[in-house]
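Chemist: Sharing a structure below in structure tokens format, with a few things to ask.
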Amino acid sequence: MSTLFSPLQMGPLTLANRIVVPPMSQYSAAADGIATPWHAQHIGGLAISGAGMVICEAHGVTPDGRITPHCLGLWNREQAQALQKLLADIRTYSNTPVGVQLNHAGRKAGTNAPWRHQGASLDDNDGGWPTVAPSAVAYKPGWRVPQALDEAGMARIIDGFVAAAERALAAGVDFVELHAANGYLLNQFLSPLSNQRDDEYGSSPQNRMRFPLRVARALRDAWPKSRALGVRFNGGEFAEGGLALEEAVQFARELHAMGYDYLHVSGGYNIYNQTPPADRPGYMVPFAQAVKEALPEAVVITVGLIYEAAQAEAIVQTKRADLVAIGRGMLDDPNWPIHAAIALGEKAPWPQPYDRFGPLGWPTHQLQEAK
């Protein structure tokens, strides 16, 4: 058996294989943050892909925490009811674990969808809203300047994360992921480039971690141990003077000690003029590898332009990470895990209704080419 298609115990959750569908924002929710038929077909299709787990896109924990006006939310009952229905429908045809990512976008909130004006910040006349951040520093020139959070604002956001987790639990998700990566609020606190505070929440690495760890602790206390809890965070920022890898590893140590069941290591997108080596498949794997080497007992997910089955297999086989998140590859090929299994000589995880159209019906030369 290939390592990629071997099972894995992740806290209380048993995964059938090491393939993860990461959260991918669709910017297609109703204006009140409620899931639409687009989400039903998008998540539903991914749930029959053969992946070991599916993480639904970022859900804003407060109205001002949404990335765009058409991002999903979990700050009210109606949003939770829509999520509950989506999950209930999926479970009539798939037993793939499905979770949600909880997020506050901070200074990157209140923007256009990426395909409209390159995702630029919205002004009040276009449906934007006041934003918050660790410091009053705009994400990029021309964007809205956020208000620096005070203690009352931080407490409000912590309460938002806890309440959203409670709604997610009531909706029946299998797990929750805390978003502390990719330039959103908790990442903004962690980075010395976006956090310019001189109080107990800024300057030193320990201080910059303080608020994200407060959120993480509140969420860990609120979320039952009988369901998995993970966190996504940056291992680096591809910008001079940004979050250092050793700081990210220390953050990982704190989260692991706190009882988080998995560590999902990403990078970048906190600085608008970052310079990532994004032409190199697997360019974020070294971040995850550093975390895995520091915490060999932790379950670590890696991500970052991983397209080929052989590459994913090599990553988990050599223990650079325990799981591989396939994002763009899944959008391009929603049957990526099925085709990866064929390429690695494994039994393809076709949904039963598709069996008669599956690998056994492929011409022999196509199977050989897939391998």
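The values are calculated or read from the model by the stated rules, or taken from the named source; none is laboratory data. Note that the structure is a prediction, hence the values are computed from the model and not measured. Please note: Cβ atoms are built from the backbone with ideal geometry, for glycine as well, and neighbour counts cover all protein chains shown. Only protein heavy atoms, including side chains, enter the accessible area calculation; ligands, DNA and RNA are left aside. Shrake-Rupley method; radii C 1.70, N 1.55, O 1.52, S 1.80 Å.
Chemist: Calculate the dipole size of the range 268-360 relative to its Cα centre from +1 charges on Lys and Arg beta carbons and -1 charges on Asp and Glu beta carbons; express the result in debye to the nearest 20.
Modeler: Values: 7 positive and 10 negative charges, 10 e Å.
Its charge dipole is roughly 40 debye.
Chemist: Now for a different question. To the nearest 500 deg cm²/dmol, what mean residue ellipticity at 222 nm is calculated for the chain from DSSP H runs of n ≥ 4 alone, each contributing -39,500 (n - 2.57), summed and divided by the residues? It would help to have the intermediate numbers written out before the result.
Modeler: Working: 11 runs with 123 residues, N = 371.
Result for the chain: -10000 deg cm²/dmol, rounded to the nearest 500.
Chemist: Give the accessible surface of the chain per residue, rounded to a whole number of Å², with probe radius 1.4 Å and ligands, DNA and RNA excluded. List each step's numbers first, then the result.
Modeler: Numbers: 15220 Å² over 371 residues.
Accessible area per residue, the chain: 41 Å².
Chemist: Kindly provide the pair-distance distribution of the chain built from C-alpha pairs, with 10 Å bins from 0 and whole-percent values in order of increasing distance.
Modeler: Pairs per bin, as whole percents: 5, 25, 35, 25, 8, 2, 0.
Chemist: Taking only pairs that are 8 or more places apart or on different chains, how many Lys pairs in the chain have Cα atoms under 30 angstrom apart?
Modeler: 12
Chemist: Give me the one-decimal nm value for the distance between modelled label points at Q147 and W38, 7 Å along each residue's Cα-to-Cβ direction.
Modeler: Going by the 7 Å Cα→Cβ label model, 3.0 nm.
Chemist: If you don't mind, another one. Could you pull out which residues in the range 110-139 have an amide N less than 11 Å from a spot 7 Å beyond the Cα of A155, following the Cα-Cβ vector?
Modeler: none
Chemist: Could you size up the charge dipole of the chain around its Cα centre, putting +1 on the beta carbon of Lys and Arg and -1 on that of Asp and Glu, and report it in debye to the nearest 20?
Modeler: Values: 30 positive and 35 negative charges, 82 e Å.
So the dipole magnitude of the chain works out to roughly 400 debye.
Chemist: First compute the accessible area of the chain with a 1.4 Å probe, then give the percent of it belonging to carbon and sulfur atoms.
Modeler: Values: 7880 of 15220 Å².
Solvent-exposed carbon and sulfur of the chain make up 52 percent of the total.
Chemist: Please list, ordered by chain and number, the residues whose modelled amide H lies under 5 Å from the amide H of S6; skip anything fewer than 5 residues away on the same chain.
Modeler: R18
Chemist: List the residues, sorted by chain then number, that are 5 or more residues from V300 or on another chain and whose placed amide H is less than 5 Å from its amide H.
Modeler: L263, D322, L323
Chemist: So, one more: Convert each backbone phi in the range 223-239 into a coupling constant with the Karplus relation 6.51 cos²θ - 1.76 cosθ + 1.60 (shift: θ = phi - 60°), then list the ³J(HN,Hα) values in order as whole Hz, x for Gly and Pro.
Modeler: So the Karplus estimates, Gly and Pro as x, are 8, x, 5, 6, 10, 6, 9, x, 8, 10, 8, 7, x, x, 10, 6, 8 Hz.
Chemist: Taking the inverse of the average 1/r across all pairs of different Cα atoms in the range 77-204, what Kirkwood radius in Å do you get? Don't skip to the end; give the middle numbers.
Modeler: Details: mean 1/r = 0.0609 Å⁻¹.
Averaging 1/r across every pair of different Cα atoms and inverting gives 16.4 Å.
Chemist: If I model a spin label as a point 7 Å beyond the Cα along the Cα-Cβ vector, how far apart are those points for Q352 and N125 in nm?
Modeler: Inter-label distance under the simple model: 5.9 nm.
Chemist: Output wanted: per-residue J couplings in Hz (rounded whole) for the range 324-335, from phi through Karplus 6.51 cos²θ - 1.76 cosθ + 1.60, θ = phi - 60°, x for Gly and Pro.
Modeler: Running phi through 6.51 cos²θ - 1.76 cosθ + 1.60 with θ = phi - 60° gives 10, 8, 10, x, 4, x, 6, 5, 5, 9, x, 9 Hz.
Chemist: Pairs of Cα atoms under 8 Å, at least six residues apart: use those to get the relative contact order of the chain, whole percent.
Modeler: Details: 810 pairs, mean separation 58.7, N = 371.
About 16 percent, as a whole number.
Chemist: For Cα pairs less than 8 Å apart in space and 6+ apart in sequence, what is the mean separation divided by the residue count of the range 142-228, i.e. the relative contact order in percent? All intermediate terms of the calculation are to be shown ahead of the outcome.
Modeler: Details: 63 pairs, mean separation 26.7, N = 87.
Computed value for the range 142-228: 31 percent relative contact order.
Chemist: Going by Cα centres, the range 295-345 and the range 18-47 are how many Å apart?
Modeler: 21 Å
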